[in-house]
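Values quoted throughout were computed directly from the atomic coordinates according to the rules given, and no laboratory measurement underlies them. Quick caveat: nothing in here was measured; it's all calculated off a predicted structure. A quick note on method: Cβ atoms are made from the backbone with ideal geometry, for glycine too, and the neighbour counts reach across all protein chains shown.
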Amino acid sequence: MGLRAYRGEFLSLSCDPREAGPDGEGAVRYEEDGLLVVEDGIIVARGHHADLAARFAQVPTERLSGLVVPGFIDAHVHYPQMDSMAAHGEQLLDWLERHIFPAEMAFAERAHADDLAQAFLTELLRNGTTSALVFATVHEHSVDALFEAALARRMRVISGKVLMDEGPEGLRDSVASGRAESEALLRRWRGRGRLGYALTPRFALTSSDAQLADAGAFLADHPEVLLHTHLAENVHECAAVAARFPEVADYLDVYDRFGLVGPRSVFAHGIHLPDRACTRLRDSGAGIAVCPSSNLFLGSGHFDFGQADRYGVKLGLGSDVGAGTSFSLLHTAGLAYQAALAREDRLSPFRALYLATLGSAQLLGIADKVGALEVGQEADFVVLDPAATPLLARRTQVAPLAQRLFALQVLGDDRAVARTYILGECAWERTA
Ligand code: GUN
Ligand code: ZN
């Protein structure tokens, strides 16, 4: 592809705004009229157009009209659940039994998995999401289907076969088959394209002690593999975990006892955590994918940003589709603000954008590759249209940057994504 440049208004976060002074603005990297220069999909220069124009005068330059931000990074999403969104009536455990497990059983058919994988990746791009940590199903080929589709689209996708030897009939593996299939997948896909593997025990309640212990051994053997699971999402789930493991300090301690808590561990939700667990998350380097849309939909509660920040817990943002009601991390960032406010905390629009980009990248261990539009990173970015709807157009007219960004988060969604670029190539363009 050679050298290519993009001229437009660029915004990214270079660190967590929480760590960048009282107003966090030290974390904001912004060029009102900027230039991003890309060679073979990698960013080789970024700065103010006036500073870089002479150096790159010969490079073909594309004008981007809108606010350009890093591609969104969904730190927790289930591809097999996209056709189960908006299932009425239940909190977590009943919702799983009634709606989700039956839907996941259909993945016994490889063709069904292929179909959903394609639809899922298209939906990610439509929403400006260029990287994701994804739950598949218990079926080995559910991961093959997703990885094949993501490889062809050159997307950065991390996934793994779900381990659940104590799941419902028809959706159960065994310690031995779970281990063998995880190893086969890792062997088959290691080092290909932009794919990564995550060992994925569904949650404490669907794996035996033996499977959780085997997962710990697998992780210790494979230092490049992430651990991806659910943690302390729902009060009834927490009560069931406490009843099954009466000897542990708390829910996180269950995973800890099996060697599943470390710097490569990504836990979805973490709504109901004692302070001890926050200390342990921080000390171990593990982190949480915050999923506000899902938490509201399943009546799980509101994530406690104040508590997490007191302990310095690493955070990213997840849609958690199909409990989540939107693929849009822009919209989910707006919901994160509302979840924080429900507990009297404030989330700035810049921090919300950080969570959807660099925060998630750090959580997933891919911040050297994506998340901040820095030199040396892959050129995944989104062009946001601040006038995507009549209401947005009114609200973003002549507004300062923070207000425009906040309006996009609260009032925007996939409609505000004009284009999505993967490795410097346009992979999605809104037609209307
Ligand atoms: N806990 C265990 N499985 C699931 C799931 O599929 N979705 C959510 N939101 N929580 C879970
Ligand atoms: Zn989930």
Legend entry - For region 324-338, Karplus couplings with θ = phi - 60° (6.51, -1.76, 1.60), whole Hz, Gly/Pro x: x, 9, 8, 7, 7, 6, 4, 5, 5, 4, x, 6, 4, 4, 5
Inset, instruction - Could I have the simple spin-label model distance between Ala240 and Arg343, label points 7 Å from Cα toward Cβ, reported in nm to one decimal? - result: 2.3 nm
Inset, instruction - With unit charges on the beta carbon (Lys/Arg positive, Asp/Glu negative), name the residue among Ala356, Ser174, Ala111 whose Cα is farthest towards the positive pole of the charge dipole of the chain. - result: Ala356
Inset, instruction - Would you mind getting me the FRET efficiency between Leu3 and Ala119? Use the beta-carbon distance for r and R0 = 51 Å, nearest 0.05. - result: 0.90
Inset, instruction - Give, in nm to one decimal, the length gained when the segment between Gln397 and Thr431 is fully stretched (0.36 nm per residue of separation minus the Cα-Cα distance). - result: 10.0 nm
Inset, instruction - Tabulate in residue order the Karplus-calculated ³J(HN,Hα) for region 247-260, using 6.51 cos²θ - 1.76 cosθ + 1.60 with θ = phi - 60°, rounded to whole Hz; enter x for Gly and Pro. - result: 8, 7, 6, 6, 4, 4, 5, 4, 4, 4, 5, 9, x, 10
Legend entry - Distance between region 365-409 and region 37-89 - C-alpha centres, whole angstrom: 9 Å
Legend entry - Only Lys, Arg (+1) and Asp, Glu (-1) charged, at Cβ; the chain dipole about Cα centre in debye: 1000 debye
Inset, instruction - Specify whether the C-alpha gyration tensor of region 72-363 places it in the rounded, prolate or oblate class, a ≥ b ≥ c being the square roots of the eigenvalues: rounded for a/c under 1.5, otherwise prolate if a/b is larger than b/c and oblate if not. - result: rounded
Inset, instruction - Using only Cα atoms, locate the centre of region 288-345 and the centre of region 151-183, then give the distance between them in Å, rounded to an integer. - result: 26 Å
Legend entry - ³J(HN,Hα), Karplus 6.51/-1.76/1.60, whole Hz, each residue of region 381-391, x for Gly, Pro: 8, 10, 9, 8, 9, x, 10, 4, 10, x, 5
Legend entry - Distance between modelled label sites at Arg310 and Ala57, nm, 7 Å Cα→Cβ extension: 5.9 nm
Inset, instruction - Report the one residue of Phe305, Gly21, Phe218 whose Cα lies farthest in the direction of the positive end of the charge dipole of the chain (charges on C-beta: Lys and Arg +1, Asp and Glu -1; origin at the Cα centre). - result: Gly21
Legend entry - Of the trypsin sites (Lys or Arg not before Pro) in region 49-103, those whose Cβ has at most 16 other Cβ within 10 Å and which sit in DSSP loop: Arg55
Legend entry - Under-5 Å amide H pairs with Gln377, H placed in peptide plane, nonlocal only: Ile43
Legend entry - Long-range HN-HN contacts of Leu231 with modeled amide H, under 5 Å: Ala268, Gly270
Inset, instruction - Give me the distance between the Cα centres of region 114-139 and region 187-234, rounded to whole Å. - result: 19 Å
Inset, instruction - Hey, can you grab everything whose amide H is under 5 Å from the amide H of Phe135? Only 5+ residues off in sequence or another chain; H modelled, so Pro and N-termini drop out. - result: Val77, His78, Tyr79
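Would you calculate a helix-derived [θ] at 222 nm for the chain, using -39,500 (n - 2.57) for each DSSP H run of n ≥ 4 and dividing by the full residue count, to the nearest 500?
On the way: 17 runs with 154 residues, N = 432.
Only helices count here, giving -10000 deg cm²/dmol.
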Inset, instruction - Quick one: go through region 295-328 and flag any residue whose amide nitrogen is under 15 Å from the point 7 Å out along the Cα-to-Cβ line of Ala249. - result: 311
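Let me check I've understood the local charge: for Thr61, count other residues with C-beta under 9 angstrom from its C-beta, Lys and Arg +1, Asp and Glu -1. What total comes out?
On the way: positive: Arg4, Arg7, Arg63; negative: Glu62.
Taking every other residue near Thr61 into account, the sum is +2.
Could you work out the local net charge near Ser177, counting Lys and Arg as +1, Asp and Glu as -1, over the other residues with Cβ closer than 12 Å to its Cβ?
Details: positive: Lys161, Arg172, Arg179; negative: Glu140, Asp165, Asp173, Glu181, Glu183, Asp214.
Taking every other residue near Ser177 into account, the sum is -3.
Of Cys278, Cys426, how do they rank once you tally other Cβ atoms within 10 Å and put the fewest first?
Numbers: Cys278 21, Cys426 12.
So the residues, fewest neighbours to most, are Cys426, Cys278.
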Legend entry - Max mean-square fluctuation residue, GNM over the chain, Cα-Cα springs under 10 Å, options Asp250, Asp283, Asp51: Asp51
Inset, instruction - Just order 354-360, 126-132, 398-404 by mean Cβ neighbour count inside 10 Å, highest at the front, would you? - result: 354-360, 126-132, 398-404
